[in-house]
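Please read the structure below before turning to the comments.
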Amino acid sequence: MRLLLTLVCLLWASTIAAQTSWPEYMPGLAPGLSESSVAAVLPSDITITPPTTNLPADKARWSGMWKGWACWASLCDVKVAVEKVTDTGAMLVYAGSSSQSTVNDRGEALFVNDELVFRVKTGANLVLRLRPSGEMEFSIWKPDTRLISTGLLTQKPVDDYTRTIERVPTPWTENGKPQTLEMVVYRPTGPGPFPTLVMNHGSTGNGDKPQLFTNTWTNPDLARVFVHKGWLVLYPQRRGRGKSDGLYDEGFEADRSRYASDPALSLPGLERALADLDVIMAHVLTRSDVDTKRMLIGGVSRGGILSAVYAGTRPTPFQGVLNFVGGWVGNRWLYADSVNTVSFKRAAAFGKPMLWLYGDKDPFYSLKHSRANFDAFIAAGGKGSFVTYPPPTGQNGHAIHAYPSVWQAAVDDYLQLVVPPR
């Protein structure tokens, strides 16, 4: 019976091996903390059997406890125990958790070429492979050819940064109660002060799904790039977004059915966001862990244009601006030029180089529209670089911020230019 089971497992594992096509962004994934509110928990009876002395080194190194993150925005917490390794496979224990679901399973995984393949009880296939540097790349496929999730696990302690949630005081009240804003803080270890990136969130698509307003937005992939360089990374949530107090009111139609394109309605929303950022920066500049002489501001989509306009209209301490796919209203909307192009012209007064990063096939901001915005910015006296990328396979250009392998080289060069290491 065991022989039959092994033959069946080898059959499906071989099928996976022929069809597994790891996404091109995998080399850019880095070890880090998960963003899941629910921790993955392995059973208490885990027993790691040391590899035998005659086991090849490339197999022996799979043995042990692994932990890390998976899923979009690192919203899944993952732990894997490889209890006993042989020439053909391993006894594997898997735990994966998110706010939506929890999966625990245990069984025999098989080596197929350089991968370890495990059929999870949900019907999905867990496919793992090891990097030469020692991290474990993680993927879930269901059915065999449809990629569900990716991530990265490690055996090393992930202790070079912490992730905390803080409350920023504001001058506003609601029904007599002081309002505060949520801010997610990624902090390197050490006493500081640290060079600091203030990273601003975007919109919620068309603004027609209020249930998305209360989702706290961060970009853990980008945060890891910076905290591993020793940067403090701050993700403030503006009024009514995430778990911040107040009304989310950044330019809606009169009935609040969706975002407005009409400049008379849309641009006051940008002003409201700038006012929120004024309050956030007043707090940030008082922090003892912030090196106020080495600061960047950045953002994605609405956060990108907000960051550029803020830097151009305030006497700020920032040395640079990272604008990922920035714009306030989609270019397919009426009046987009009267909102986006006009606003980007205001950013030109910053006077220092900005880095604009855009992806092709962006459903909100076409490269033609975004390039025209940049040209208008330069014509108004702005300085900077406009860099474009094809999106990772299966993604669109609006999501390039989540794939450091796409843009990290350009950002590294930019940091050397505007905030060189001491």
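The values are calculated or read from the model by the stated rules, or taken from the named source; none is laboratory data. These numbers were taken from a predicted model, which means no experiment stands behind them. Cβ sites come from the backbone with ideal geometry, for glycine too, and all protein chains shown count toward neighbours. Accessible surface is based on the protein model in full, side chains and every heavy atom, while ligands, DNA and RNA are left aside. Shrake-Rupley method; radii C 1.70, N 1.55, O 1.52, S 1.80 Å.
Considering only the stretch 227-247, state which residues are farther than 19 Å from Leu285 by Cβ and open to solvent by less than 20 Å² (accessible area, probe 1.4 Å). Across the stretch 227-247, the qualifying residues are Val227, Gly240, Arg241, Gly242, Ser244.
Could you tell me which residue of the stretch 107-138 is nearest to the chain's Cα centre (by Cα), considering only residues that are charged (D, E, K, R) and either within 15 Å of Trp62 (Cα to Cα) or open to solvent by less than 10 Å² (accessible area, probe 1.4 Å) (or both)?
Looking only at the stretch 107-138, we keep the residues that are charged (D, E, K, R), and these are 108, 114-115, 119, 121, 129, 131, 135, 137.
Those left that are additionally either within 15 Å of Trp62 (Cα to Cα) or open to solvent by less than 10 Å² (accessible area, probe 1.4 Å) (or both): 108, 114-115, 129, 131, 135, 137.
Values: Glu108: 33, Asp114: 28, Glu115: 26, Arg129: 22, Arg131: 22, Glu135: 19, Glu137: 17 Å.
The selected residue is Glu137.
For the stretch 230-250, the set of residues classified as in contact (Cβ under 8 Å) with a residue 60 or more places away in the chain and either under 25 Å from Gly68 (Cα atoms) or of a type in the set (Val, Ile, Thr) (or both) consists of Pro236, Gly242, listed by residue number.
Scan the stretch 158-168 and tell me whether some residue there is touching a residue at least 40 places away in the same chain (Cβ under 8 Å) and among the acidic types (Asp, Glu). Yes, the stretch 158-168 has at least one match. Taking the conditions exactly as written (free of Cβ contacts under 8 Å to residues at least 60 places away in the same chain, open to solvent by 40 Å² or more (accessible area, probe 1.4 Å) and over 26 Å from the mean Cα position of the chain (by Cα)), does Ala349 satisfy them or not? In short, yes.
Table: residues versus (1) of a type in the set (Gly, Ala, Ser); (2) part of a helix (DSSP H, G or I); (3) in contact with a strand residue (DSSP E or B) (Cβ under 6 Å, 6 or more places away or on another chain).
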| site | (1), (2), (3) |
| --- | --- |
| Ala254 | yes, no, no |
| Ala264 | yes, yes, no |
| His283 | no, yes, yes |
| Gly299 | yes, no, yes |
| Leu306 | no, yes, yes |
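Exactly one residue among Ser343, Ser338 is assigned to a helix (DSSP H, G or I), surrounded by fewer than 19 Cβ atoms within 10 Å (Cβ to Cβ) and not hydrophobic (A, V, I, L, M, F, W, C), and that residue is Ser338. Taken over the stretch 120-151, residues that are farther than 22 Å from Ile48 by Cβ and either part of a strand (DSSP E or B) or among the hydrophobic types (A, V, I, L, M, F, W, C) (or both) amount to 9.
Keeping to the stretch 152-169, report how many residues are part of a strand (DSSP E or B) and out of contact with any Gly (no Cβ under 7 Å at 6 or more places or on another chain). Walk me through it before giving the result.
Within the stretch 152-169, the subset part of a strand (DSSP E or B) is 152-154, 161-169.
From what's left, out of contact with any Gly (no Cβ under 7 Å at 6 or more places or on another chain): 161-169.
Here the count works out to 9.
Kindly indicate whether Ser257 is touching a residue at least 12 places away in the same chain (Cβ under 8 Å), loosely packed, with under 14 Cβ neighbours inside 10 Å and within 26 Å of Asn340 (Cβ to Cβ).
yes
Considering only the stretch 390-421, how many residues are part of a loop (DSSP other than H, G, I, E, B) and in contact (Cβ under 8 Å) with a residue 40 or more places away in the chain? Give the steps one after another, and end with the answer.
Just the residues of the stretch 390-421 that are part of a loop (DSSP other than H, G, I, E, B), to begin with: 390-396, 403, 419-421.
Adding the requirement that they be in contact (Cβ under 8 Å) with a residue 40 or more places away in the chain leaves 392-394, 403, 419.
Residues in the stretch 390-421 being part of a loop (DSSP other than H, G, I, E, B) and in contact (Cβ under 8 Å) with a residue 40 or more places away in the chain: 5 in total.
Restricting attention to the stretch 181-197, the residues that are open to solvent by 40 Å² or more (accessible area, probe 1.4 Å) and either in contact with a strand residue (DSSP E or B) (Cβ under 8 Å, 6 or more places away or on another chain) or among the aliphatic types (A, V, I, L, M) (or both) total 3.
Those residues that are closer than 16 Å to Asp360 by Cα and either touching a strand residue (DSSP E or B) at 6+ places or on another chain (Cβ under 9 Å) or assigned to a strand (DSSP E or B) (or both), I need them from the stretch 372-389; list them, please.
To start, the set of residues in the stretch 372-389 that are closer than 16 Å to Asp360 by Cα comprises 372-374, 386-389.
Correct list: Asn373, Phe374, Phe386, Val387, Thr388, Tyr389.
Applying a threshold of 7 Å to beta carbon distances and a minimum spacing of six or more residues, or different chains, the list of pairs starting in the stretch 320-345 at a residue that is within 15 Å of Pro263 (Cα to Cα) and ending at one that is open to solvent by less than 10 Å² (accessible area, probe 1.4 Å) and part of a strand (DSSP E or B) reads Val329/Tyr259.
Within the stretch 368-389, being under 9 Å from Lys345 (Cα atoms), open to solvent by less than 60 Å² (accessible area, probe 1.4 Å) and either in contact (Cβ under 8 Å) with a residue 40 or more places away in the chain or hydrophobic (A, V, I, L, M, F, W, C) (or both) holds for Asn373, Phe374, Ala376, Phe377, Ala380, Gly382. It is to be established whether one or more residues within the stretch 139-151 are open to solvent by less than 40 Å² (accessible area, probe 1.4 Å), under 21 Å from His228 (Cα atoms) and touching a residue at least 12 places away in the same chain (Cβ under 8 Å). The answer is yes, given that some residue of the stretch 139-151 is open to solvent by less than 40 Å² (accessible area, probe 1.4 Å), under 21 Å from His228 (Cα atoms) and touching a residue at least 12 places away in the same chain (Cβ under 8 Å). When the stretch 156-190 is limited to residues that are at pLDDT 95 or above and of a type in the set (Phe, Trp, Tyr), the one that is farthest from the chain's Cα centre (by Cα) turns out to be Trp172.
Among the candidates Ser101, Ser97, the residue that is closer than 26 Å to Thr218 by Cβ, buried (at least 19 other Cβ atoms within 10 Å of the Cβ) and either at pLDDT below 95 or touching an Asp or Glu at 6+ places or on another chain (Cβ under 8 Å) (or both) is uniquely Ser97. Arg131: without any contact (Cβ under 8 Å) to a residue 60 or more places away in the chain and within 17 Å of Trp69 (Cβ to Cβ), yes or no? In short, yes.
How many of the residues making up the stretch 67-91 are part of a strand (DSSP E or B) and closer than 21 Å to Leu147 by Cα? So the answer is 9.
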